[in-house]
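What follows is a set of notes on a single structure, which appears directly below.
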Amino acid sequence: MPATSDPARLALDLATLGWHILPLSLASKRPLANCTACRNQHGNPTHQADTCPCLAAGGWCHGVRAATTDQARITAWWRREPQAVPGAAAGPSGLVLIDIDAHSGQHPPMLATGLLPGIDLAAEPIPRTAWENPAGFRDGRDSLTLLARLRGGPRPWPPGPGHQPVTAATPSGGTHLWYQAPAEGLRQALADPQGRYGLAWQVDLKAGWSYGIAPGATTTAGLSRSCWAWPAGLPP
Ligand SMILES: [Zn+2]
Ligand SMILES: [Zn+2]
């Protein structure tokens, strides 16, 4: 992975690798704001990213929909906003982002069905002691470990170099795992406190028109360190 503290350089290097890049605000980590003309069209159903003249003209309007691998466009964006944080659009880059939170939070009201949305743990062939104690689930790392256990391995997905992610330790203590996406069929699934959605409690699946802070990017909170190694705190 590219290693640089220069956001423009990182954006260009990742784009060379086929990552579709968009500029994020240093303060909010959200896409840079639309231009006034697009803001004034907010809520107008006939004003769409597909046909917005700003994108064709090289603007960054419409957030993730502006993401590109175009070197000239990326160069122009960072000349205009040198402090912008590079973000990467998942689907257009052929990637999926597994976003593992590491902050304490409220447990889902029903552990059996809320730790792994879509799975009723009470009906699965694992002992109740594996999931019935809330103290065993500090954050997303523990719920992902449970998913791995349910799948009978140290990780919830197959081992081997074909399933090796680009990982980034985020400044807030979380972990991003960027994987190659399957050809189709993945949709964003964001975890919620009720345990109805997401890959697991405190684990988001970001796919399609989702984006994440690019691995290697520096935010106000610090560096999102990227590496090829498996992150500490997850099942080895
Ligand atoms: Zn615009
Ligand atoms: Zn527009």
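The values are calculated or read from the model by the stated rules, or taken from the named source; none is laboratory data. Note that this is a predicted model, so its numbers are computed, not measured. Note that each Cβ is placed from the backbone with ideal geometry, even for glycine, and that neighbours are counted across all protein chains shown. Accessible surface areas use protein heavy atoms only, side chains included; no ligands, DNA or RNA. Shrake-Rupley method; radii C 1.70, N 1.55, O 1.52, S 1.80 Å.
Quick notes on this one:
- For the pair Gln83 and Thr16, label points projected 7 Å from Cα toward Cβ lie 2.8 nm apart.
- Computed FRET value (nearest 0.05) for Arg9 with Asp120, which takes r as the C-beta separation and R₀ as 35 Å: 0.15
- Between Ala76 and Arg151, the simple label model (points 7 Å from Cα in the Cβ direction) yields a spacing of 4.2 nm.
- For the chain, calculated [θ]222 nm from helices alone, where every DSSP H run of n ≥ 4 adds -39500 (n - 2.57): -5000 deg cm²/dmol
- Accessible area expressed per residue, the chain, with surrounding protein chains retained (probe 1.4 Å, Å²): 51 Å²
- Model label sites at Ser104 and Asn44, defined 7 Å from Cα along the beta-carbon direction, differ in position by 5.0 nm.
- By definition, a body whose alpha carbon gyration tensor gives a ≥ b ≥ c is prolate when a/c is 1.5 or more and a/b is larger than b/c, and the stretch 1-133 fits this prolate description.
- Rolling a 1.4 angstrom probe over the stretch 178-218 with all protein chains present gives an accessible area of which 52% lies on carbon and sulfur atoms.
- Rolling a 1.4 angstrom probe over the stretch 57-142 with all protein chains present gives an accessible area of which 50% lies on carbon and sulfur atoms.
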